[in-house]
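Worksheet: one structure, shown below.
The values are calculated or read from the model by the stated rules, or taken from the named source; none is laboratory data. Everything numeric here is computed off the predicted structure, so don't read it as measured data. When we count neighbours, we look across all protein chains shown, and the Cβ atoms used for this are built from the backbone with ideal geometry, even at glycine. When the accessible area is computed, the model is the full protein with side chains, heavy atoms only, and any ligands, DNA or RNA have been set aside. Shrake-Rupley method; radii C 1.70, N 1.55, O 1.52, S 1.80 Å.
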Protein chains: 2
Amino acid sequence: MNGTGAIIISGINSKFGELWQVSPRDLAQEVVREALMRAGMKRDEIQAVYVGSMLSGSLSGQDHLGAFFAEELGLPKAAAMRVEGACASGGLALHAGFLAISSGAYDTVMVLGIEKMTDYKPDDVARALMGAGSDMEREAGATFPALYALMARAHMEKYGTTEEEMASVAVKNHYHASLNSHAQFRNRITIEQVMKSPVVASPLKLLDCSPITDGASVVILSSKKRAKKHSRSPHVEILSSTVATDTLGLGTREEITSIGAAVSASRKAYELSGISPGDVDVAEVHDCFTIAEIIAMEDLGFFPRGDAASAIMSGKTMLGKSRGVVVNTSGGLKAAGHPVGATGVKQAVEVYQQLSGLAGNKQVKNARTGLTHNVGGSGATAVVHILKK
Amino acid sequence: MNGTGAIIISGINSKFGELWQVSPRDLAQEVVREALMRAGMKRDEIQAVYVGSMLSGSLSGQDHLGAFFAEELGLPKAAAMRVEGACASGGLALHAGFLAISSGAYDTVMVLGIEKMTDYKPDDVARALMGAGSDMEREAGATFPALYALMARAHMEKYGTTEEEMASVAVKNHYHASLNSHAQFRNRITIEQVMKSPVVASPLKLLDCSPITDGASVVILSSKKRAKKHSRSPHVEILSSTVATDTLGLGTREEITSIGAAVSASRKAYELSGISPGDVDVAEVHDCFTIAEIIAMEDLGFFPRGDAASAIMSGKTMLGKSRGVVVNTSGGLKAAGHPVGATGVKQAVEVYQQLSGLAGNKQVKNARTGLTHNVGGSGATAVVHILKK
């Protein structure tokens with residue numbers, strides 16, 4: 001079902017944050033130069049570029065980002081395209097790159113996720129981001145914090161999830177980010193700080209929400225055969241790459257305490273790879289809001305329904321405390337930052353680095369198997385990748 | 001190099017034109033319903049949807065079109081993504097769909113090209129379209145008619161191409177469109193009418209330019225194995241699908257009387273398919289301006305450099321007169337219309353119908369081999385498909 005498969009032979013994240021001094025082209029150059037250098041690869045070996053990006057057209061007027069970055073990065077004549085699916089754009093670009101390698105049409109492909117968000121007026125960014133939702137939601141003024149607040153309320157009612165448990169997601173992810181030199185927020189926080197932060201959309205408070213971020217991430221994918229020629233850098237195999245969708249708006253879903261698309265995509269990813277949730281050592285999941293990480297843990301089968309919140313609060317997914325899967329070692333969207341088109345690629349870079357022993361202070365010992373979980377909108381798109389050393 | 005290949009088992013174009021009365025969702029429903037019906041296929045057999053579209057985010061605020069159309073079309077849990085590369089978005093979506101089938105990950109994929117352009121203020125549409133170009137071009141106010149006018153002037157100087165020869169492209173394509181009930185402009189025109197039409201960007205006049213258009217096009221792709229189960233509709237094989245890029249702006253190209261990306265993509269497509277230009281019976285090429293069709297004929301190897309204009313004027317690519325390749329039987333972008341994200345898919349639908357004997361009044365007798373040529377911006381992206389009955 002997955003063709004010949006694909007190998008990640010290099011993966012780099014830029015610093016995430018408010019990068020006003022850097023243009024998109026310089027940001028892309030920086031990560032691509034480093035990724036190629038580590039792989040010992042020349043630019044003209046890249047045959048195709050998949051760019052995950054959401055907002056450039058709406059905010060800056062620049063579309064056509066495939067050709068744009070192929071030119072900027074000095075990849076003459078390379079095939080190139082942009083892939084968009086809101087905050088899942090990066091994961092979808094990785095999926096497209098994986099299929100491109102699996103098809104045999106290309107044997108070296110670059111997947112670039114990139115977004116510049118902090119250069120624009122916050123109202124314009126909020127409006128552009130609502131392009132991910134349904135028109136009924138836009139008309140109602142229901143922004144994403146409001147939509148995830150509805151999911152949080154439903155989860156609290158059904159499973160007794162508490163605001164403190166949600167806060168503990170942010171505490172863990174800020175702790176992990178404190179060990180990540182590329183993270184946007186490296187300050188450690190307490191449950192009390194989250195609880196006392198301003199309410200954005202009750203029960204979600206400021207410190208339950210991921211930020212607006214600039215950043216770029218790149219992975220270089222290779223066919224198994226071609227990868228043998230690039231032995232300088234560690235190799236990680238993508239065992240499965242799956243995508244599923246659901247209704248765009250929350251109002252038309254049967255259930256809002258779970259993201260059905262993530263359940264579908266992850267079940268298929270486990271099936272294709274022969275990996276079970278219990279085999280996964282590290283996972284990067286889409287914690288755009290703290291409640292989203294709790295739901296992700298349950299959707300991905302790491303914990304039974306209703307058990308994830310207390311498990312997270314007791315440290316079961318935290319670096320140094322966990323005996324099972326360690327979640328969002330990068331700091332997640334919450335603390336490492338969420339440049340929307342980059343996020344899905346950044347997750348793969350973090351897992352690549354973990355499985356390669358390159359994760360520095362935040363290294364999970366003996367990590368062999370990893371998973372990424374990238375979501376678009378309030379769950380209309382979900383992308384799951386399973387990776388193995 | 002092309003994995004297992006892919007079969008088009010159904011292909012439908014909507015009426016192209018000013019479709020103010022129809023929403024994007026209704027337009028998509030219309031073509032998808034018809035395409036599925038002709039293939040004798042149920043909606044839940046579609047495993048993945050690739051949407052080619054450029055302007056929705058900028059003009060209507062709706063992004064995330066993969067999940068949007070998967071929901072609207074009743075394709076629960078299908079994988080879905082939007083692919084964007086300016087006016088080549090449709091061709092790129094077809095390329096992505098082709099690779100998805102070739103990878104073995106999916107065996108039934110839908111490629112939907114769609115654009116609504118006439119509901120918005122012309123200035124807003126013109127501004128959004130400039131997202132395809134370079135920022136230097138935007139700053140200079142160089143819109144696409146101006147850029148193609150520069151290419152026309154250069155071609156006139158280098159090869160002696162005349163304005164009348166350019167006009168003859170429009171005359172031919174309007175003649176073809178007069179036979180196409182789905183075309184935007186079905187009126188036959190004369191060279192005199194083109195020559196007397198208002199100048200847009202000298203030497204290009206109004207009737208040298210393709211219009212702003214609403215429209216949707218869909219193809220259903222199947223693996224070779226799976227296609228055997230769908231014998232109701234004619235089958236056409238995609239022999240090769242190729243993409244190449246060049247610099248975004250005209251100013252940084254070595255040559256502007258040719259589109260280098262189209263030369264690269266078509267050479268590779270011929271090589272992969274074992275087809276030569278002389279084997280091609282029907283071609284849909286990207287005539288966003290009349291000069292673009294002349295250049296395309298030369299880039300694709302149908303005529304030597306400098307010979308295409310006089311060949312077109314003498315009817316060598318016209319239905320009923322040609323003894324070689326017949327070009328733009330749909331009416332092309334010029335007369336059938338140019339809903340940007342739909343165009344690349346529409347070209348494949350027209351060739352599918354030609355090779356299947358379904359082209360009605362505009363049928364090319366004994367057409368066995370076809371080609372599509374879809375361009376983004378002023379040539380930064382080119383996508384070529386070669387198809388065979």
Yes/no for B:G104 being small (G, A, S), at positive phi, assigned to a loop (DSSP other than H, G, I, E, B) and at the interface with another protein chain (Cβ under 9 Å from one of its Cβ atoms): yes
Selection count, the range B:331-389, where residues are away from chain A (no Cβ under 14 Å), under 24 Å from B:E137 (Cβ atoms) and of a type in the set (V, I, T): 1
Residue in the range A:80-96 that is of a type in the set (K, R) and in contact with a Leu (Cβ under 7 Å, 6 or more places away or on another chain) present: yes
Inter-residue pairs, beta-carbon under 6 Å, first closer than 14 Å to A:K116 by Cβ and in the range A:336-353, second small (G, A, S) and part of a helix (DSSP H, G or I), 6+ apart: A:G341/A:S89; A:G341/A:G90; A:A342/A:G90; A:T343/A:G90
Given (1) assigned to a helix (DSSP H, G or I); (2) more than 7 Å from every other protein chain (Cβ to nearest Cβ), number of the condition B:M117 does not satisfy: (1)
Residue that is nearest to the other protein chains (Cβ to nearest Cβ) [pool: residues in the range A:35-84 that are among the basic types (K, R) and open to solvent by 10 Å² or more (accessible area, probe 1.4 Å)]: A:K77
Residue satisfying condition, being among the basic types (K, R) and either within 23 Å of the chain's Cα centre (by Cα) or not in a helix (DSSP H, G or I) (or both), within set B:R226, B:R186: B:R186
Tally, over the range B:12-25, of residues that are out of contact with any strand residue (DSSP E or B) (no Cβ under 6 Å at 6 or more places or on another chain) and away from chain A (no Cβ under 14 Å): 6
Where a residue in the range A:230-245 is more than 21 Å from A:R267 (Cα to Cα) and at the interface with chain B (Cβ under 9 Å from one of its Cβ atoms) and its partner, wherever it lies, is part of a loop (DSSP other than H, G, I, E, B) and open to solvent by 10 Å² or more (accessible area, probe 1.4 Å), with Cβ under 9 Å and at least six apart: none
Which numbered condition B:L112 misses (of (1) in contact with a Leu (Cβ under 6 Å, 6 or more places away or on another chain); (2) in a strand (DSSP E or B); (3) away from every other protein chain (no Cβ under 12 Å)): (1)
Hits in the range A:304-326 (condition: touching a strand residue (DSSP E or B) at 6+ places or on another chain (Cβ under 6 Å) and assigned to a loop (DSSP other than H, G, I, E, B)): A:T317, A:L319, A:V325
Some residue of the range B:256-271 being more than 19 Å from the chain's Cα centre (by Cα) and surrounded by 24 or more Cβ atoms within 10 Å (Cβ to Cβ): no
Count - residues of the range B:1-43 that are farther than 20 Å from B:L387 by Cα and assigned to a loop (DSSP other than H, G, I, E, B): 12
